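S.K.: Questions regarding the structure given below will be posed in turn.
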Amino acid sequence: MTDQGPNGQSAALTYTSYLALDEVLAAQRPRSDEHDEMLFIVIHQVYELWFKQLLHELAHLQYMLEKVDTAHSVRTLRRALTILKVVVAQIDVLETMTPRQFTSFRARLDAASGFQSGQFRELEAVLGRRDERMLQPYAKGSEARDRITAAMSRRSIFDSFLAYLAGSGYDIPSSHLNRDLRLPWEAAQDVQRVLVQVYGDDAGPSTVADLLVDLDEGMQEWRYRHVKMVERTIGSKAGTGGSAGVAYLQRTLFQAVFPDLWAVRSEL
C-alpha cells in the first residue's frame with residue numbers, strides 16, 4: 001500500500017501514516033500548565049476510542065444474531081466483554097489523580113462534561129435505552145444527535161437477540177418481534193418462559209444468553225466504578241457543565257440492561 005507523497009509521488013505506507021499518529025498525538029491540547037491535565041485528556045480520548053470500537057462490535061453482533069450465527073455471535077460478545085473490562089480497568093489510572101490535582105485545572109473545562117459523550121449515549125441506545133432526554137445536549141442536525149436518534153429507532157441488542165431466538169426455533173410472539181422500536185423494552189413473562197426453555201436446552205442460545213448477562217453486568221460494573229471515581233474526586237459537587245454529578249450517576253446504578261435475563265435466574 002502507498003500514500004501520495006510530495007510532487008504526486010507515491011510514499012510507502014508507514015506505521016505513523018497508517019495509524020494517523022501525527023493527528024492522534026497532536027489531539028491532546030491542555031488548557032493549563034498543570035501536569036495532570038494531560039492524563040485527564042488522554043484517558044477520556046482513549047475512552048472515546050473504546051466506545052467507538054464497542055459500537056463497531058455491537059453492530060456486528062446484531063448482524064450475526066439476526067443471521068442466527070451462534071459461533072460468531074459468541075466470539076463477538078467475548079471481544080466486546082474484554083474491551084469493556086479494559087474500559088473499567090482504566091478507572092484505576094484515573095484514580096491516581098487526587099481531588100486537589102483535578103481541582104487545579106477543573107475550572108478550565110468550562111461547560112465540557114462527560115455527559116456530552118455522544119458515543120456513550122449511542123451505546124446506551126444500542127443497548128436499549130429509549131429516552132429523549134439523551135438528545136438535549138446535542139444541537140438539532142448534529143452528527144451525535146442524528147446517530148443517537150437513529151439508534152433509538154432501530155433494534156436494540158435485546159431485540160436482535162429475540163430475533164435470534166425466533167430464528168433458532170423458539171416461540172417468540174410476533175408482537176415482540178414487530179414492536180415499536182422507538183419505545184423502551186418492558187420485561188415480558190412470555191419471553192421469560194422462553195428463556196427458561198433456552199437455559200433448559202443448554203445449547204448455543206443459552207451461551208449467548210449468559211454472555212449477554214455478562215455484558216449487562218459489565219455495564220453495571222462500569223457505572224459503579226465510574227460513580228465512585230467521580231465521588232472520590234469531586235464529592236457531592238455539581239459536575240462540570242452544571243450536571244448533577246454524583247447524584248445523577250447514583251440513580252443509574254444497578255439498572256439492568258436486559259431485565260428478562262435477570263428475572264429468570266430464580267427459575268433456573
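The values are calculated or read from the model by the stated rules, or taken from the named source; none is laboratory data. For clarity, every value in this text was computed on a predicted model and none was experimentally measured. Positions of Cβ are backbone-derived with ideal geometry, glycine not excepted, and every protein chain shown enters the neighbour counts.
S.K.: Report yes if some residue within the stretch 97-111 is within 15 Å of the chain's Cα centre (by Cα) and hydroxyl-bearing (Ser, Thr, Tyr); otherwise report no.
M.R.: Scanning the stretch 97-111 turns up no residue that is within 15 Å of the chain's Cα centre (by Cα) and hydroxyl-bearing (Ser, Thr, Tyr).
S.K.: Out of Ala166, Ala151, I need the residue that is modelled with pLDDT of 95 or more, more than 29 Å from Gly118 (Cβ to Cβ) and in the same structural domain as Asp216 (by TED's automatic domain parsing). Which one?
M.R.: That would be Ala166, the only listed residue that is modelled with pLDDT of 95 or more, more than 29 Å from Gly118 (Cβ to Cβ) and in the same structural domain as Asp216 (by TED's automatic domain parsing).
S.K.: Here's a follow-up. Can you say whether Arg133 is in contact (Cβ under 8 Å) with a residue 24 or more places away in the chain and of a type in the set (Lys, Arg), as far as the supplied structure shows?
M.R.: Spelling it out, it is not the case that Arg133 is in contact (Cβ under 8 Å) with a residue 24 or more places away in the chain and of a type in the set (Lys, Arg).
S.K.: Could I ask something else about it? I'm checking my understanding of the structure. Among residues of the stretch 157-173 that are assigned to a loop (DSSP other than H, G, I, E, B) and surrounded by fewer than 19 Cβ atoms within 10 Å (Cβ to Cβ), which one is nearest to the chain's Cα centre (by Cα)?
M.R.: Per the stated criteria, the residue is Ser168.
S.K.: As an exercise: evaluate Ala151 against (1) surrounded by 20 or more Cβ atoms within 10 Å (Cβ to Cβ); (2) within 18 Å of Ser73 (Cβ to Cβ) and give the number of the one condition it does not meet.
M.R.: That leaves (2) as the condition not met.
S.K.: Still on this model: For Arg133, all conditions in the list (1) loosely packed, with under 14 Cβ neighbours inside 10 Å; (2) modelled with pLDDT of 95 or more hold save one; what is the number of the exception?
M.R.: Result: Arg133 passes all but (2).
S.K.: So which of Leu65, Leu94, Leu39, Leu77 is under 14 Å from the mean Cα position of the chain (by Cα) and surrounded by 13 or more Cβ atoms within 10 Å (Cβ to Cβ)?
M.R.: Leu77
S.K.: Does Arg193 satisfy the condition of being at pLDDT 95 or above, part of a helix (DSSP H, G or I) and among the basic types (Lys, Arg)?
M.R.: So Arg193 fits the description; yes.
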